[in-house]
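The values are calculated or read from the model by the stated rules, or taken from the named source; none is laboratory data. Source: prediction; values computed, not measured. Neighbour counts are summed over all protein chains in view; Cβ atoms, including those assigned to glycine, are modelled from backbone coordinates with ideal geometry. For accessibility, only protein heavy atoms count, side chains too; no ligands or nucleic acids. Shrake-Rupley method; radii C 1.70, N 1.55, O 1.52, S 1.80 Å.
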Amino acid sequence: MAKSYETELPLKAFGWAGTDTSGTLSPFNFSRRENGDDDVTLKILFCGVCHSDLHTLKNDWGFTTYPVVPGHEIVGVVTKIGNNVKNFKVGDKVGVGVMVESCQTCENCQQDLENYCPKLVFTYNSPYNGTRTYGGYSDFVVVHQRYVLQFPANLPLDAGAPLLCAGITVYSPMKYYGMTEPGKHLGVAGLGGLGHVAIKFGKAFGLKVTVISTTPNKKSEAIERLGADSFIVSNDPEQMKAATGTIDYIIDTISADHSVLPLLGLLKLNGKLVTVGLPSKPLEVPVFPLVGGRKLIGGSNFGGIKETQEMLDFCAKHNITADIELIKMDQINTAMERLSKADVKYRFVIDVGNSFSSL
Ligand code: NAP
Ligand code: ZN
């Protein structure tokens, strides 16, 4: 008989899981492995709520295995280290992002691009040694040391947590695709968790930043609080027309199915559109505006561990954190409901450390 989630591994763990496509979560007892020689165990303090968690809960991408414990913007304190662990000690504040294991030998892993390893193990919803991985909506996690990040001392743990996915997911393509030349014009499509951090990186790189949004009432905050230079309402044809051919690069963080044609129209000659959003339907790519303007469409997924550490250190230097709404674990279902309506300013973070009475 198959063992239960509570007993298949030696350590008792507790979290909140989704069990069907409704998008709601409920308390869940499960188990985790013992801390091995190369492992770091962390008591989870905070975990950001990424739209990928919601896509996974609802099985938008068709590969969710239930029950699923989401959460891949994890900040915690080290409670145990294995014999081979030299870079972390008990009491360190650390982070864990989107991945917890890769093959470590392929070309991508060897170039510090573990996030593109064909054998990548995601922090949750991945098969792992006959069991499954479970994410950060839980009391603790055991992770191979290679996938653990030092959390800079001057970054707040709660507002810093979203950097582990939202932050690296916009930082990495901005670096790779050369979207960092001071004075150039960056468009940020979708003002949510990823988008609002992209504004902050854009300003830190010296760019002019324009938000392209479906939500007019985000305008004043985008400009006054987040530092954007201008704001376009994407479903206002007049505003879109006025901005035609004015933007050098766009980072598309939109979570829902949408057309890229209007975005391509905003780009100048040689403009770049990089999508990091993961709507479930394929994008339709119109070739005429691409060919006629020597434009480029690219994609990018989060980032390798080395670059994630670099990004955290960059954020510490430039005081970049997420703007968050801190919630307790039992408020997660309301938060998910609001996230599905683009109603969050701009990232929910779960105060995991103060949510479970048993801790
Ligand atoms: P989020 O906080 O929900 O933000 C997404 C934003 O998209 C919304 O705030 C909204 O902005 C806009 N939007 C939503 N529905 C829309 C629609 N129907 N038409 C146009 N715009 C719409 O989500 P997030 O956590 O930032 O994640 C964004 C996307 O990136 C998700 O698909 C997520 O899965 C993906 N992601 C990818 C990676 C990766 O590695 N590539 C990593 C993390 C997340 P406005 O209100 O401004 O219109
Ligand atoms: Zn994420």
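Quick one: which of 167, 192, 160 is in contact (Cβ under 8 Å) with a residue 40 or more places away in the chain and within 9 Å of ligand 1 (Cβ to nearest atom)?
On the way: 167 fails: within 9 Å of ligand 1 (Cβ to nearest atom); 160 fails: within 9 Å of ligand 1 (Cβ to nearest atom).
None of the others qualify; the one that does is 192.
Just to be sure before I move on: is residue 24 open to solvent by 20 Å² or more (accessible area, probe 1.4 Å), within 25 Å of residue 303 (Cα to Cα) and modelled with pLDDT of 95 or more in the structure I sent? Outline the logic, then answer.
On the way: open to solvent by 20 Å² or more (accessible area, probe 1.4 Å): yes; within 25 Å of residue 303 (Cα to Cα): no; modelled with pLDDT of 95 or more: yes.
Against the criterion (open to solvent by 20 Å² or more (accessible area, probe 1.4 Å), within 25 Å of residue 303 (Cα to Cα) and modelled with pLDDT of 95 or more), residue 24 does not qualify.
Take the stretch 320-338 and flag every residue that is open to solvent by 20 Å² or more (accessible area, probe 1.4 Å), outside any strand (DSSP E or B), in contact with a strand residue (DSSP E or B) (Cβ under 9 Å, 6 or more places away or on another chain) and not polar (S, T, N, Q).
323, 328, 330, 338, listed by residue number.
Anything in the stretch 166-188 that is part of a loop (DSSP other than H, G, I, E, B) and either within 16 Å of ligand 2 (Cβ to nearest atom) or not acidic (Asp, Glu) (or both)? List them, or say none. Steps first, answer last, please.
Keep residues of the stretch 166-188 that are part of a loop (DSSP other than H, G, I, E, B), which gives 177-184.
Within the stretch 166-188, 177, 178, 179, 180, 182, 183, 184 qualify.
State whether one or more residues within the stretch 43-60 are within 16 Å of ligand 1 (Cβ to nearest atom), open to solvent by 60 Å² or more (accessible area, probe 1.4 Å) and either of a type in the set (Ser, Thr, Tyr) or over 18 Å from residue 347 (Cα atoms) (or both).
There is at least one residue in the stretch 43-60 that is within 16 Å of ligand 1 (Cβ to nearest atom), open to solvent by 60 Å² or more (accessible area, probe 1.4 Å) and either of a type in the set (Ser, Thr, Tyr) or over 18 Å from residue 347 (Cα atoms) (or both).
When only residues in the stretch 136-151 that are in contact with a helix residue (DSSP H, G or I) (Cβ under 8 Å, 6 or more places away or on another chain) and more than 18 Å from residue 303 (Cα to Cα) count, which is surrounded by the most Cβ atoms within 10 Å (Cβ to Cβ)? Before you say what the answer is, go through the steps one by one.
At the first step, the residues of the stretch 136-151 found to be in contact with a helix residue (DSSP H, G or I) (Cβ under 8 Å, 6 or more places away or on another chain) are 136-139, 146-147, 149-151.
Keeping just the survivors that are more than 18 Å from residue 303 (Cα to Cα) gives 136-139.
Numbers: 136: 32, 137: 27, 138: 25, 139: 20.
Going through the qualifying residues, I end up with 136.
I'm trying to understand the selection: among the residues of the stretch 139-182, which are β-branched (Val, Ile, Thr) and farther than 21 Å from residue 205 by Cα? Lay out the reasoning, then the answer.
Taking the stretch 139-182 first, the residues β-branched (Val, Ile, Thr) are 141-143, 148, 168-170, 180.
Passing the criteria: 141, 142, 143, 148.
If you go through the stretch 62-89, how many residues are surrounded by 12 or more Cβ atoms within 10 Å (Cβ to Cβ) and more than 20 Å from residue 25 (Cβ to Cβ)?
Here the count works out to 9.
Scanning for something open to solvent by less than 40 Å² (accessible area, probe 1.4 Å), over 27 Å from residue 338 (Cα atoms) and in contact with a Gly (Cβ under 7 Å, 6 or more places away or on another chain), does the stretch 181-191 turn up at least one residue? Before you say what the answer is, go through the steps one by one.
Residues of the stretch 181-191 that are open to solvent by less than 40 Å² (accessible area, probe 1.4 Å), as a first pass: 185-191.
The next check asks that each one be over 27 Å from residue 338 (Cα atoms); those that pass are 185-186.
From the residues that got through so far, the ones that are in contact with a Gly (Cβ under 7 Å, 6 or more places away or on another chain) too are 186.
Within the stretch 181-191, one or more residues are open to solvent by less than 40 Å² (accessible area, probe 1.4 Å), over 27 Å from residue 338 (Cα atoms) and in contact with a Gly (Cβ under 7 Å, 6 or more places away or on another chain).
Would you check which residues across the stretch 93-103 are away from ligand 2 (no atom under 16 Å from the Cβ) and either open to solvent by 60 Å² or more (accessible area, probe 1.4 Å) or assigned to a strand (DSSP E or B) (or both) and list them? Steps first, answer last, please.
Initially, the stretch 93-103 is screened for residues away from ligand 2 (no atom under 16 Å from the Cβ), giving 93-94, 101-103.
The answer is 93, 94, 101.
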